[in-house]
Amino acid sequence: MRAALLATLPIALIACSHGGPAATPGVSAQALAAATADAGVALVYPVARKVDVVDDFHGTKVADPYRWLEDPSSPGYREWIDAENTLTERFLSGIPARAPLRERLTALWDYERYEVPFREGNRVFFERNTGLQAQSVLYVVDLPRFEPRVLLDPNTLSKDGTVALAGSDVSRDGALLAYGVAEAGSDWVEWRVRKVDTGEDLSDRIRWTKTDSVAWTPDGRGFFYPRYDAPGEQAVLRDVNRLERVYFHRLGTSQSADRLIFERKDHPDWFVAPVVSDDGRWLVVHVFQGDDPRNGVFVQDLRQRGATLRSLASVLEGQVRFVGSQGPVLWFQTTLDAPRGKLVAVDMRAPDRARWRTLVSETEARLDTVAAVGRRFVLHYLQDAHSAIEIHGLDGKLQQTLKVPAMGTAKGFTGRLTQDESYLSFQTYASPPAILRLEPESGDLRVFRAPQLKFEPSEFESKQVFYASKDGTRVPMTLTFRKGSTPDGQRPVLLYGYGGFDISLTPEFAPAWLAWMERGGVLAVPNLRGGGEYGEAWHRAGILLKKQNVFDDFIAAAEWLVRERWTQPSRLAIEGGSNGGLLVGAVMTQRPELFGCALPIVGVMDMLRFQKFTIGWGWASDYGTSDDPEQFKALHAYSPLHNLKPGTAYPPTLVMTADHDDRVVPAHSFKFAAALQAAQAGPAPVLIRIETRAGHSAGKPTTKKIEEAADMLAFATWALGQPGGR
């Protein structure tokens with residue numbers, strides 16, 4: 001959900017090798033030393049002092065010598081960061097491929113991009129980026145005219161482009177825009193209200209939210225929203241955030257006057273997400289225990305005076321997501337008694353679970369989303385991790401199966417029950433999102449907006465394969481490469497993975513990946529357990545005490561790529577962000593000889609203390625916590641920070657983080673980098689790149705994205721010995 005690790009699309013690459021643990025992966029010590037010298041940098045790492053801190057976890061003593069890097073007020077904190085950034089910049093500036101990569105990435109990023117449009121009243125709203133704008137601009141079209149006009153340009157909110165639009169919701173008549181802004185990549189969002197006619201902002205300000213949406217009442221006089229108590233002034237980016245509540249804000253009043261709608265002090269670990277039905281009758285509040293996808297639902301009839309929220313489904317039984325309603329009947333997508341998902345109808349006059357009626361039964365594919373639009377249901381399925389779309393009547397009967405353009409990903413499906421059209425995006429690993437318009441009645445699916453590109457997507461192809469993991473589980477993986485590429489044992493491969501929080505990795509376009517493939521590289525994306533590609537059973541097979549399955553799946557993917565002669569260990573890189581950064585950190589400590597390069601991005605590296613910062617406690621649903629004796633043993637066994645072994649040759653590593661990351665606080669990466677530099681045997685570089693005025697990933701300006709991607713690809717090019725690397 002909002003507070004989970006999903007706001008970043010993590011990246012993971014893996015490499016395999018069959019050398020001994022003392023060998024530097026893929027490259028001789030002499031070659032690495034020479035190449036490092038060629039880069040013009042003597043690898044003398046900044047001194048990270050050690051402190052005498054030892055924690056006792058259920059009788060096990062665990063040292064934490066870099067604890068001081070958790071506290072920005074610690075002596076030497078800023079000096080260490082500056083010194084590390086200086087060393088990294090000196091090294092990267094000596095790589096010949098860096099400048100050409102930045103130039104090519106700038107060209108690839110320079111294409112017109114649209115977000116999926118939505119309609120309210122007689123207006124259509126959409127976000128558009130001309131190509132290299134720091135932030136996308138929100139436009140509105142007043143029907144029946146078709147001339148877009150700028151409604152909100154976030155690029156005017158700051159000089160450096162680091163204030164981003166973090167969410168928007170429009171009143172049902174299209175007259176008012178509620179919009180959230182986030183600064184420097186922080187998860188904290190401030191909500192404001194703008195008149196659509198004039199572009200004038202009202203005086204309303206809503207603070208201390210971490211949501212990307214609010215729920216307007218049909219009359220447009222106010223909206224429901226979730227929020228936290230204000231954090232401590234000195235630790236806004238680090239303090240633990242608990243006890244999210246739902247409030248109602250009436251326009252023209254101060255936030256202090258907002259009415260409390262829902263709180264559960266007995267469950268401070270619940271996240272809350274309010275939504276109002278299309279007809280304005282029902283307030284539905286979803287509650288999630290941390291980031292567990294299984295959730296509870298509370299419902300209130302807003303038309304009935306004196307009605308209160310009543311529990312409809314309890315937490316941790318299954319997923320129950322509101323789809324829409326018709327009179328007293330509410331529709332929900334759920335995994336209750338259906339791990340891959342089904343669609344049910346609940347009559348609120350007799351809402352007992354035994355009376356729920358199944359409209360669309362569970363299938364072999366994972367039911368990803370359901371939209372009620374055009375007086376029909378549009379069901380989006382994942383079939384082996386790519387999109388399939390069906391249209392059903394309100395009685396649940398299948399009307400037609402749509403033919404999607406390719407093996408790709410459909411997202412959006414905006415629209416209301418009474419509207420005759422829906423909009424969605426569709427993309428593949430080689431083609432960026434095109435906006436499609438769907439007419440549910442006829443099934444007509446056609447291109448509404450498509451970008452003009454400076455490359456030809458048809459020059460690349462994707463191929464899905466299946467391989468066996470360590471325990472024999474069949475895992476899918478998609479390879480994408482320039483047409484005509486064949487396995488020769490020498491190709492540079494980028495292996496990307498995530499494996500957590502019920503998040504599905506489906507075909508997604510990224511300019512950095514395209515640049516990698518243009519240079520002859522292969523992109524490999526396995527669908528690891530812990531994700532949601534095959535439903536709740538697949539997710540739960542990779543969490544808590546079974547988390548090692550995720551790492552085994554990733555390692556098996558690398559071994560398959562070597563065995564099938566797509567590459568060799570010295571030509572494999574691993575990259576992963578957030579939970580994917582944990583993935584990279586874990587596998588590079590478990591099998592350092594397998595990889596030619598490691599790129600852990602904003603990773604969760606200290607698995608014994610993650611719950612002590614901001615929203616980290618919410619990840620316990622997937623990870624468990626060190627507070628539990630049995631879970632501690634599992635966490636300690638794979639925690640990247642705690643499994644670094646001095647005297648081991650680890651692969652060339654570039655750790656990435658940002659100073660305003662208030663989701664996975666940068667201390668994770670700081671401590672891991674310091675410990676890895678101290679443990680490293682041999683000349684392979686261990687560097688850390690610390691971005692400023694940026695966060696976990698959301699809202700990052702385009703220039704920062706390009707610079708970051710160029711540095712990562714340049715480092716991988718250097719580490720794998722590709723042309724231009726040395």
_Cβ contacts < 7 Å: first residue more than 21 Å from Q590 (Cα to Cα), restricted to region 623-636; second residue modelled with pLDDT of 95 or more and open to solvent by less than 10 Å² (accessible area, probe 1.4 Å), any location; separation 6+ or different chain. Result?_
none
_Scope region 307-348; condition part of a loop (DSSP other than H, G, I, E, B), in contact (Cβ under 8 Å) with a residue 40 or more places away in the chain, within 23 Å of R264 (Cβ to Cβ) and under 23 Å from the mean Cα position of the chain (by Cα); matching residues_ = G318, Q319, T335
*Neighbours by Cβ (under 9 Å, 6+ apart or cross-chain): first from region 229-240, modelled with pLDDT of 75 or more; second open to solvent by 60 Å² or more (accessible area, probe 1.4 Å) and among the aliphatic types (A, V, I, L, M)*: P231/V240
*Based on what the data block shows, is F481 more than 30 Å from R416 (Cα to Cα), at pLDDT below 95 and surrounded by 15 or more Cβ atoms within 10 Å (Cβ to Cβ)?*
no
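Can you list the helices (runs of 4 or more DSSP H) lying wholly within region 574-681 that have 1 or more residues being hydrophobic (A, V, I, L, M, F, W, C), out of contact with any Leu (no Cβ under 8 Å at 6 or more places or on another chain) and within 25 Å of N527 (Cα to Cα)?
Result: 579-590, 620-623, 629-638.
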*Residues of region 109-161 being open to solvent by less than 30 Å² (accessible area, probe 1.4 Å) and acidic (D, E), which ones?*
E120, D142
*Got a sec? Which of L641, L608 is over 30 Å from S570 (Cα atoms) and either open to solvent by 10 Å² or more (accessible area, probe 1.4 Å) or in contact (Cβ under 8 Å) with a residue 60 or more places away in the chain (or both)?*
L608
*Any idea which residue in region 54-81 is farthest from N643 (Cα to Cα), counting only those that are under 28 Å from the mean Cα position of the chain (by Cα) and open to solvent by 30 Å² or more (accessible area, probe 1.4 Å)?*
P72
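Just name the residue that is surrounded by the most Cβ atoms within 10 Å (Cβ to Cβ) out of those in region 448-465 that are out of contact with any helix residue (DSSP H, G or I) (no Cβ under 7 Å at 6 or more places or on another chain) and among the basic types (K, R). Steps first, answer last, please.
Keep residues of region 448-465 that are out of contact with any helix residue (DSSP H, G or I) (no Cβ under 7 Å at 6 or more places or on another chain), which gives 448-453, 456-459, 461-465.
Narrowing further to those that are among the basic types (K, R): 449, 463.
Values: R449: 18, K463: 11.
Ranking the qualifying residues of region 448-465, first place goes to R449.
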*Which numbered condition trips up G576, out of (1) modelled with pLDDT under 95; (2) open to solvent by less than 10 Å² (accessible area, probe 1.4 Å); (3) over 27 Å from V475 (Cβ atoms)?*
(3)
*For P46, work out the one condition from (1) open to solvent by less than 40 Å² (accessible area, probe 1.4 Å); (2) in a loop (DSSP other than H, G, I, E, B); (3) farther than 17 Å from L676 by Cβ it doesn't fulfil.*
(3)
*Only one residue in F262, F248 is surrounded by 21 or more Cβ atoms within 10 Å (Cβ to Cβ) and in contact (Cβ under 8 Å) with a residue 12 or more places away in the chain, so which one is that?*
F262
*Can you spot a residue in region 620-636 that is crowded, with 22+ Cβ neighbours inside 10 Å and touching a Lys or Arg at 6+ places or on another chain (Cβ under 6 Å)?*
no
_Some residue of region 594-603 being open to solvent by 10 Å² or more (accessible area, probe 1.4 Å) and not aliphatic (A, V, I, L, M)_ = no
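Could you check how many residues of region 484-502 are of a type in the set (S, T, N, Q) and open to solvent by less than 60 Å² (accessible area, probe 1.4 Å)?
Final tally of qualifying residues: 1.
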*Failed condition for A710, given (1) modelled with pLDDT of 95 or more; (2) out of contact with any strand residue (DSSP E or B) (no Cβ under 6 Å at 6 or more places or on another chain); (3) more than 23 Å from R90 (Cα to Cα)*: (3)
*Just one of A512, A537 is farther than 30 Å from T363 by Cβ, of a type in the set (A, V, I, L, M, F, W, C) and in a helix (DSSP H, G or I); which is it?*
A512
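The values are calculated or read from the model by the stated rules, or taken from the named source; none is laboratory data. This is a predicted model, so every value here is computed, not measured. Virtual Cβ from ideal backbone geometry, glycine too; neighbours counted across all protein chains shown. Only protein heavy atoms, including side chains, enter the accessible area calculation; ligands, DNA and RNA are left aside. Shrake-Rupley method; radii C 1.70, N 1.55, O 1.52, S 1.80 Å.
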